[in-house]
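Coordinate-derived values only; no laboratory data. Every value quoted in this text rests on a predicted model; they were computed, and no experiment measured them. Glycine gets a Cβ as well: all are built from the backbone with ideal geometry, and neighbour counts include every protein chain shown.
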Amino acid sequence: MRFPTGVKLLDHLLGGGVPERSPVLVYGPSFLGKEHLAMQTMRETVARGVPAVLVLTNACAGDVRLEMAQADTRFEDAERAGRVWFIDTYSRSVGAEEKLPNVIYTDSAVDLNGISVALNRVQGQLIREHEQHLVLLDSASTLIVHTNAGTVFRFLQVLTGKGKRAGASVLLLLDQGMHTDAEVQMFRHLAAGVISVRGDPGRHQLLVEGLGVERNPGWIDYRLGEHGIEMTGSLAGGRIR
Amino acid sequence: MFGVPQLDQALGEPSGTALLIRNEPGTDATPFLAQAVARWLDGGSEVVYLAVDRAPSRVPALLESWGFEPMEHKGTLALVDGYSPRAGLEEPAAYRADPRDLEAVARVLGDAARDHPGALLAVDSLSGLAAIAEGQEPEAAEALAGAVRRFDAAVALWTEWGPAADAAAAPLLEAFPSVVRLRGVAERVVTSQYFAVERVRGKKAHGRPTLFRAVAPGGVHVYIPKILVTGPFDAGKSSFVHAVSDSAVSTERRGTTVAMDRGKITLHGLVADVFGTPGQERFDPLLSTLASQAVGVVLVVDSTDTSSFERAGMMLRRVWQQGLPAVVAANKQDLPGALPPHEVVARLSLPTDLPVIGCTTTDPASARAVVEALIERILEGTPEGGA
């Protein structure tokens, strides 16, 4: 099964969603909806019976799960069924002592191996009942800021490689403007495809590269609506109309 | 140093030891560090703890997560905050050093060594510090290495993020002439962990791979791993267990196994218990339980009985779900009508690309070759092939 993004037109373009066992880079400037796209994909995936693990570097799991539950009534059912997992590297680093079920807290985003150990622990449980799962990292940029691009690249190589063996697709969020071109190129090579966003005041656009898209329509318009990303361009014969 | 005899005997006297624990990503070295710190404090000695991967305020919680209460010990824990200066924060700690400046870290550690004679230095983690301080002059790394040598003993964690990270941190790594490697048994995820002593005070060691579990409370516990031998009814599992084991026992009724066969084997330096399961379907729930405790699985298939292959595939999928390394023994190769291993592969719907090796239990060497293949798979990636 592909992992649906919950964005109808994008899922159509992707042939159903993010391909299985594939690392995907979600790249673009801040505040243009990368997180929305990731969260939508997570909500849609768990609602369809497939588990997902969200690695957080900038927010507390408690806050994010609340937002998710408010955005989609199916989310809490998925949580109760054990399909929703968080690895929270943020809460402990800011002194928050929350303790929620299905959340593994690590002490900081510097401790990359702590994330690896936590993810392995979750995946060890998931593979017993599910052939596939989704891993989302929000964001790779924060990890790079805490350590360096080379170490994070190697960390992500291991994470995506092990992910494939465990049946996972991995969505990696990377912020434009925080890294050199060479670093961005390095992370692009890690992925099976890239979903990029760009925007001017009043106009947001999205581009899919790779991921099995045969007739690429180029940049497609979207807007950030109440329920996240909504495509406003349309596809016809591989072109935007 | 750790209270783990297999490790302590190999490493020798703690005083004067500077040990690097090199762990594969996904394996957890923190229980070793916590255990060393707790034992040092228990003996009434002092510990200087350089916290880079976590805030100093999280260090007691880390130690407690492995069952060690730092405040209940006789010795003193002096924290060096190598975490929060980078973020412009301030944490209560005896010492403070910006991890982006290795010379500053070296100076602070030098002060701590002077203030705490006879102390153990714990570095959590050296790989984190090297990543943050990337690109510094070799002289800075050498200054830090010099500061490490001023302590009575040192333990540092190093996650292996690749040769480039090793090369960049070479002067730092040389400050630790004793090395223990942690490896994971990982077919799909890390299902078990083992350690091997690689170097002691600069001399190459050939420590055998030793499986361990980290439990709280208690820390690192060494155990004898289990190899599970399973397969359909009458595939020859009991004969297989006896053929591969140095010694073995079986519980049979009317010629079939009604409880587990059990043996012991030593291969590649790894000592393991071998458990053979009964093949009848009514024992299937037991299979999942046993698989959850095993380090690897041999599926024994009767190469002359294709009608049993569907059942064999089902059994294999059950253990494969646990993420365990496995090999298939295409047994009874000496009998007329036996399919060669490549045909067994073709007819057996395997969930993944597993090795299938022909054998006959009347030839113990051929059966041991199957277990050998499994152990190689378990220890895949181990330096020197796990020997």
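The ratio of the alpha-carbon radius of gyration of the protein assembly as shown to the globular-protein estimate 2.2 N^0.38 Å is 1.04. Over the range A:137-238, Cα pairs under 8 Å with separation of 6+ residues give a relative contact order of 17 percent.
For the peptide A:145-156, the mean number of other protein chain Cβ atoms found within 10 angstrom of a residue's Cβ is 5. Taking a Cβ cut-off of under 14 Å around B:L62, the surrounding Lys, Arg, Asp and Glu residues balance to a net charge of -4, with basic ones at +1 and acidic ones at -1. Contact order, relative form, for chain B: 14 percent (alpha carbon pairs under 8 Å, 6 or more residues apart, mean separation divided by residue count). In this Cβ point-charge picture (+1 for Lys and Arg, -1 for Asp and Glu), the range A:16-171 has a dipole of about 560 debye about its Cα centre. In the range B:40-196, the convex hull through the Cα atoms has an average projected area of 10.0 nm², a quarter of its surface area. If every alpha-carbon in the range B:70-147 counts as one equal scatterer, what log10 I(q)/I(0) does Debye give at q = 0.23, 0.24 1/Å? Cα-only, vacuum Debye calculation for the range B:70-147: -1.15, -1.23. In chain A, the C-alpha radius of gyration followed by the widest Cα-Cα span (Dmax) gives 16.9, 53 angstrom. Based on the convex hull around the alpha carbon atoms, chain B presents an average projected area of 20.7 nm². The radius of gyration of the Cα set in the range A:24-129, together with its Dmax, comes out at 13.6, 38 angstrom.
Fewest-first ordering of B:F275, B:F176, A:F3, B:F233 by other beta carbons within 10 Å of each residue's beta carbon gives B:F233, B:F275, B:F176, A:F3.
Over all directions, the projected convex hull of the C-alpha atoms in the range A:56-106 averages 3.2 nm² in area.
Here the Kirkwood formula, the inverse mean of 1/r across different C-alpha pairs, assigns the range A:1-49 a hydrodynamic radius of 11.2 Å. The reciprocal of the average 1/r between distinct C-alpha atoms defines the Kirkwood hydrodynamic radius, which for the range B:288-345 equals 12.0 Å. Each Lys and Arg Cβ is given +1 and each Asp and Glu Cβ -1; about its Cα centre, the range B:68-208 then shows a dipole of about 760 debye.
Charge tally around B:R188: other residues with Cβ under 10 Å, Lys/Arg +1 each, Asp/Glu -1 each, net +2. Each of A:T142, B:T277, A:T45, B:T306 was scored by other Cβ atoms within 10 Å of its Cβ. Arranged with the fewest first, they read B:T306, A:T142, B:T277, A:T45.
Put in order of Cβ neighbour count within 10 Å, fewest first, the listed residues A:S116, B:S349 become B:S349, A:S116. Expressed as an acute angle from 0 to 90° and rounded to the nearest 10, what is the orientation of the C-alpha long axis of helix A:112-129 relative to the principal long axis of chain A? It is inclined by approximately 80 degrees. Counts of other chain beta carbons within 10 angstrom of each beta carbon in peptide A:123-133 average 3. Largest first, the three principal axis extents of the alpha carbons in the range B:12-55 are 32, 28, 14 Å in whole numbers.
Computed over the alpha-carbon pairs of the range A:60-197, the distance histogram in 10 Å steps reads 11, 39, 38, 12, 0 percent, short to long.
Here the 3J(HN,Hα) profile of the range A:91-101, calculated from phi with Karplus coefficients 6.51, -1.76 and 1.60 at θ = phi - 60°, is 3, 5, 6, 10, x, 6, 10, 4, 9, 10, x Hz, Gly and Pro shown as x.
Expressed as a fraction of 2.2 N^0.38 Å, the C-alpha radius of gyration for the range B:141-299 is 1.42.
For the range A:15-173, averaging the sequence separation of C-alpha pairs within contact (under 8 Å, six or more residues apart) and dividing by the residue count gives a relative contact order of 34 percent.
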